[in-house]
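The values are calculated or read from the model by the stated rules, or taken from the named source; none is laboratory data. Please read all numbers here as calculations on a predicted model, not as lab measurements. Virtual Cβ from ideal backbone geometry, glycine too; neighbours counted across all protein chains shown.
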Amino acid sequence: MNLGVFLPNWIGDVAMATPTLRALRTQFPGAQIVGILRPYVAEVLAGTSFLDRQLFYDPRARQAELHGWPFVRQLRAARLDTVVLLTNSWRTGMLAWFSGAARRIGYVRGGRGILLTDRLEHRRADGRYVPTPVLDDYLRLAYQLGCRPESPRIELATLPADEAAADATWRRLGLPAGRHVIALNSSGAFGSAKLWPNGYFTELARRIVCDTDSSVLVLCGPSERDIARDIVAAADHPRIVGLGEEPLSIGLTKACVRRCRLLVTTDSGPRHFAAAFDTPVITLFGPTHIAWSETHYARAVHLQQPVDCGPCQQRVCPLGHHRCMRELGVDEVYRAVRAQLANRDAHAA
């Protein structure tokens with residue numbers, strides 16, 4: 001069987017898709033599983049064995065082969081028997097139909113039900129979708145294919161090159177060996193509404209290095225270099241360093257999270273790396289509903305300040321005050337840090 005899987009477009013969502021990929025691989029060990037995905041998320045799955053082949057798709061790419069009819073020709077050449085759509089767009093529904101696959105499994109959204117052979121419905125109440133973990137929704141698609149119940153455990157890997165890059169970063173930044181580093185991550189490709197104020201991260205970093213034996217590493221993606229630089233510069237402490245000047249990659253971020261004592265992060269992709277590598281994590285939620293990205297990870301703590309206007313699911317605060325993140329204070333987050341460190345010490349013992 002040739003089985004195609006349309007993967008999500010976000011780093012964190014691809015990580016949350018790994019239980020579904022594992023379920024498909026377990027149920028169909030002899031199948032050729034073809035991942036259809038954006039090029040920039042491929043590195044999330046590097047080192048895993050879920051996919052036999054990858055087809056890169058990007059409707060905004062300059063390369064002609066990544067979209068339109070050139071891509072459809074590649075899709076049809078794969079001779080897919082079945083397609084599973086973890087995406088919800090009309091466009092990917094059309095691509096699944098054009099692929100020629102006899103069976104097309106996905107959720108009915110935006111009128112695309114006519115393009116599917118197996119139509120699943122998201123839970124709704126009063127005309128609105130009920131927030132449910134997308135990780136569980138992905139697994140429902142695998143169960144529709146007859147897969148056995150699967151653990152929700154996120155599964156990722158690092159490559160030797162990723163670990164070597166992390167080793168070099170540790171040396172350049174003077175970080176201690178062992179689990180003596182706490183990572184902070186302020187990022188949110190979704191939009192600025194997810195960001196915790198830089199000054200709050202700066203104060204949190206100072207408290208950590210003054211009150212514990214841990215150093216602090218500020219993570220970042222390519223578009224958040226200035227955020228990381230600002231936090232490190234404002235903290236002005238030798239044990240607070242960042243990736244702002246480092247060569248960046250998803251693999252490096254995975255390797256950094258894997259070897260850290262704790263991760264404090266906004267609701268963004270790297271929080272799901274923590275679940276994959278059994279690193280305790282504190283996630284700071286603002287405009288997004290916790291239930292959508294719940295991973296059932298036992299060593300995760302979710303913090304969210306209740307406000308009458310949220311969670312609004314907006315990329316930018318529509319009211320301009322950003323209360324959901326500004327009212328989540330450093331004191332509350334630092335208490336969670338201390339509790340997580342105590343839990344980790346107890347877990348290690």
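Selection of the stretch 197-226 for residues being surrounded by fewer than 21 Cβ atoms within 10 Å (Cβ to Cβ), in contact with a Leu (Cβ under 9 Å, 6 or more places away or on another chain) and over 20 Å from H180 (Cα atoms) yields Y200, P222, R225.
So, in the stretch 174-191, how many residues would count as being in a loop (DSSP other than H, G, I, E, B) and either of a type in the set (D, E) or under 21 Å from A342 (Cα atoms) (or both)? Residues meeting the conditions: 5. Among the numbered conditions (1) surrounded by 15 or more Cβ atoms within 10 Å (Cβ to Cβ); (2) over 24 Å from the mean Cα position of the chain (by Cα); (3) in contact (Cβ under 8 Å) with a residue 60 or more places away in the chain, the only one that E150 does not meet is (2).
Summed over the stretch 99-138, the residues that are surrounded by fewer than 19 Cβ atoms within 10 Å (Cβ to Cβ), in a loop (DSSP other than H, G, I, E, B) and of a type in the set (A, V, I, L, M) give a count of 3. Within the stretch 162-214, the residues that satisfy the criterion of being in contact (Cβ under 8 Å) with a residue 24 or more places away in the chain and of a type in the set (K, R) are R172, R179, K194, R206, R207. Would you check if F56 is within 24 Å of A255 (Cβ to Cβ) and free of Cβ contacts under 8 Å to residues at least 60 places away in the same chain? So F56 fits the description; yes.
Looking at R25, R60, can you tell me which residue is assigned to a loop (DSSP other than H, G, I, E, B), closer than 24 Å to G269 by Cα and not polar (S, T, N, Q)? Sole residue among the options that is assigned to a loop (DSSP other than H, G, I, E, B), closer than 24 Å to G269 by Cα and not polar (S, T, N, Q): R60. Scanning for something at pLDDT below 95, in contact with a helix residue (DSSP H, G or I) (Cβ under 6 Å, 6 or more places away or on another chain) and more than 18 Å from T158 (Cα to Cα), does the stretch 270-286 turn up at least one residue? Yes, the stretch 270-286 contains at least one residue that is at pLDDT below 95, in contact with a helix residue (DSSP H, G or I) (Cβ under 6 Å, 6 or more places away or on another chain) and more than 18 Å from T158 (Cα to Cα).
This table checks each residue for (1) buried (at least 21 other Cβ atoms within 10 Å of the Cβ); (2) without any contact (Cβ under 8 Å) to a residue 12 or more places away in the chain; (3) hydroxyl-bearing (S, T, Y); (4) more than 18 Å from F190 (Cβ to Cβ).
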residue: D230; (1), (2), (3), (4): no, no, no, yes
residue: A233; (1), (2), (3), (4): no, yes, no, yes
residue: L248; (1), (2), (3), (4): no, no, no, yes
residue: A255; (1), (2), (3), (4): yes, no, no, yes
residue: T266; (1), (2), (3), (4): yes, no, yes, no
residue: A275; (1), (2), (3), (4): yes, no, no, yes
residue: T279; (1), (2), (3), (4): yes, no, yes, yes
residue: H321; (1), (2), (3), (4): no, yes, no, yes
residue: D331; (1), (2), (3), (4): no, yes, no, yes
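Being among the aliphatic types (A, V, I, L, M), in a helix (DSSP H, G or I) and within 23 Å of R25 (Cβ to Cβ) holds for only one residue in L51, L55, L95, L80, and it is L95. The numbered conditions (1) over 19 Å from A17 (Cβ atoms); (2) free of Cβ contacts under 8 Å to residues at least 40 places away in the same chain; (3) not basic (K, R) are all true for D81 except (2). Of the residues making up the stretch 258-284, those that are touching a strand residue (DSSP E or B) at 6+ places or on another chain (Cβ under 6 Å) and either at positive phi or part of a helix (DSSP H, G or I) (or both) are P270, R271, A274. Would you point out the residue of the stretch 235-246, among those that are among the charged types (D, E, K, R) and more than 17 Å from F201 (Cβ to Cβ), that is surrounded by the fewest Cβ atoms within 10 Å (Cβ to Cβ)? That would be E245. Scanning the stretch 142-164 finds one or more residues that are over 27 Å from G251 (Cβ atoms), assigned to a helix (DSSP H, G or I) and touching a helix residue (DSSP H, G or I) at 6+ places or on another chain (Cβ under 9 Å). Inspect the stretch 3-17 for any residue being in contact with a Pro (Cβ under 8 Å, 6 or more places away or on another chain), surrounded by 20 or more Cβ atoms within 10 Å (Cβ to Cβ) and part of a loop (DSSP other than H, G, I, E, B) and give the result as yes or no. Checked against the condition, which is being in contact with a Pro (Cβ under 8 Å, 6 or more places away or on another chain), surrounded by 20 or more Cβ atoms within 10 Å (Cβ to Cβ) and part of a loop (DSSP other than H, G, I, E, B), the stretch 3-17 yields at least one hit.
Each row is one residue, and each column tells you yes or no for (1) over 17 Å from R261 (Cβ atoms); (2) in a helix (DSSP H, G or I); (3) touching an Asp or Glu at 6+ places or on another chain (Cβ under 6 Å).
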{"position": "R172", "(1), (2), (3)": "yes, yes, no"}
{"position": "A193", "(1), (2), (3)": "yes, yes, no"}
{"position": "W196", "(1), (2), (3)": "yes, no, no"}
{"position": "T202", "(1), (2), (3)": "yes, yes, no"}
{"position": "A205", "(1), (2), (3)": "no, yes, no"}
{"position": "V209", "(1), (2), (3)": "no, yes, no"}
{"position": "D213", "(1), (2), (3)": "no, no, no"}
{"position": "L217", "(1), (2), (3)": "no, no, no"}
